[in-house]
């Protein structure tokens, strides 16, 4: 059995074979890729968390039952497992973008905003939102721990209850809205490919939702905490905000260049969005590190981070491979029509369907179902409506409804991580952030309804 520390080699081999197969289609190459994907799935089972083992088991068993009931679904079943490899490829490359930001020490410099002087906790709330939002845009999940650690130190003089409330509100809510328009967010990529709507068509509306919700929560948070004076630690140093502006401007320019590259390369080469992002990340990050004169640091940090993250992708392997197996099987059976029926029954009132999608996400997150699993089923359920209803509306709700759960998913990674970092019950975090999740999802749904 391959030791876990070498799993990254197998992950990389599978993704490379898959990408080569896209450009040079070959039956034997496709067969090898499918076989190695199944091996990867089997090797991932012992190391996956209980929740993902359950999800993987449910989807795999569901596919097996459908094949028993409907023999027509067995044709080509061996190759079903490769359908979501593009998503695993994107996850495989994301650590390199994280690493170039860390190599340039942008994360530490931006996080200094939390140490700047403010008169009361209402002002700190706004600053924590903006800091976490900026960091999440570039380093994703790593930003949570980074911001939470700094806030925990700065709030050490306050009651534990206030610390827990403040940290779980600011960081989780910023995380949820920051990813709404990120080209590196996998739920955005799935929505782009599923609806056929270009990323740049979706971008203005996703940014509108993101900034609206961030602003509203900032106003509410400022009002909530403005009566509490801020008492910084003695070790807190004065920080000039002008020192923070430069790295933010550099990161903004880099992100804009990254998005333009995706569009230019994707359109000129005729590649889909997910594949384009996957292929562009490393070359872009490497060139950026050279321009910053941080190439060596980038490669050292990047390789270490990439190996560590890739060796711990077992949860997503179980989810994506089993989901691909189930979805592909489902598409070949009449059962899909039964799943579509409740949604298609509301075809004359599409706004109801959009609300149903939002509520389905929330219900699923309460049951521990990952939004990626939910979106896969929802896409199959509402796809027939794309011909009669503006698919842009569905794309917006697919993204906003899914990401709203990042602040309330009791069994999700973000809530669980926050619960551990702040020593509080995850159910309390869910209850505290539920009004925000409803506000976030509803804002996306309202804008989607206006576009029908």
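Hey, can you tell me all the residues within segment 424-446 that are more than 21 Å from the chain's Cα centre (by Cα), surrounded by fewer than 19 Cβ atoms within 10 Å (Cβ to Cβ) and touching a residue at least 40 places away in the same chain (Cβ under 8 Å)? Answer for segment 424-446, where residues must be more than 21 Å from the chain's Cα centre (by Cα), surrounded by fewer than 19 Cβ atoms within 10 Å (Cβ to Cβ) and touching a residue at least 40 places away in the same chain (Cβ under 8 Å): 428, 432. Here residue 409 meets the list (1) surrounded by 16 or more Cβ atoms within 10 Å (Cβ to Cβ); (2) part of a helix (DSSP H, G or I) almost entirely, failing just condition (2). Residues that are surrounded by 17 or more Cβ atoms within 10 Å (Cβ to Cβ) and not in a loop (DSSP other than H, G, I, E, B) within segment 326-339 comprise 326, 327, 328, 329, 330, 335, 336, listed in sequence order. Going by the conditions given, is residue 248 modelled with pLDDT of 85 or more and either surrounded by 19 or more Cβ atoms within 10 Å (Cβ to Cβ) or in a helix (DSSP H, G or I) (or both)? Here the answer is no, as residue 248 does not meet what is asked. Residue 98 - would you say it is closer than 23 Å to residue 11 by Cβ, in a helix (DSSP H, G or I), within 23 Å of the chain's Cα centre (by Cα) and at pLDDT below 85? Criteria met by residue 98. Within segment 420-437, is even one residue in a loop (DSSP other than H, G, I, E, B) and either in contact with a strand residue (DSSP E or B) (Cβ under 9 Å, 6 or more places away or on another chain) or under 26 Å from residue 352 (Cβ atoms) (or both)? No, because not a single residue in segment 420-437 is in a loop (DSSP other than H, G, I, E, B) and either in contact with a strand residue (DSSP E or B) (Cβ under 9 Å, 6 or more places away or on another chain) or under 26 Å from residue 352 (Cβ atoms) (or both). When the residues of segment 361-375 are filtered to those that are without any contact (Cβ under 8 Å) to a residue 60 or more places away in the chain and either in contact with a helix residue (DSSP H, G or I) (Cβ under 6 Å, 6 or more places away or on another chain) or crowded, with 20+ Cβ neighbours inside 10 Å (or both), the one that is nearest to residue 189 (Cα to Cα) is 374. Segment 105-160 holds helices (runs of 4 or more DSSP H) entirely within its bounds, and those carrying 1 or more residues that are touching a residue at least 40 places away in the same chain (Cβ under 8 Å) and over 23 Å from residue 424 (Cβ atoms) map to 106-111, 121-139.
Residues to consider are 77, 48; find the one that is within 26 Å of the chain's Cα centre (by Cα), at pLDDT below 90 and either surrounded by 22 or more Cβ atoms within 10 Å (Cβ to Cβ) or closer than 22 Å to residue 15 by Cβ (or both).
48
Can residue 184 be described as without any contact (Cβ under 8 Å) to a residue 40 or more places away in the chain and within 28 Å of residue 285 (Cβ to Cβ)? Here the answer is no, as residue 184 does not meet what is asked.
Against the conditions (1) closer than 22 Å to residue 375 by Cβ; (2) crowded, with 20+ Cβ neighbours inside 10 Å; (3) over 19 Å from the mean Cα position of the chain (by Cα), residue 273 satisfies every one except (3).
Does residue 23 satisfy the criteria of being surrounded by fewer than 19 Cβ atoms within 10 Å (Cβ to Cβ) and closer than 21 Å to residue 306 by Cβ? Answer is no for this residue. Filtered by the rule that a residue be free of Cβ contacts under 8 Å to residues at least 24 places away in the same chain and surrounded by 24 or more Cβ atoms within 10 Å (Cβ to Cβ), segment 376-387 gives a lone residue, 378. In segment 388-404, of all residues being surrounded by 24 or more Cβ atoms within 10 Å (Cβ to Cβ) and free of Cβ contacts under 8 Å to residues at least 60 places away in the same chain, the one that is farthest from residue 319 (Cα to Cα) corresponds to 393. Restricting attention to segment 353-402, the residues that are under 20 Å from residue 320 (Cα atoms) and outside any helix (DSSP H, G or I) add up to 4.
The values are calculated or read from the model by the stated rules, or taken from the named source; none is laboratory data. Keep in mind the model is a prediction, meaning the values are calculated, not measured. A quick note on method: Cβ atoms are made from the backbone with ideal geometry, for glycine too, and the neighbour counts reach across all protein chains shown.
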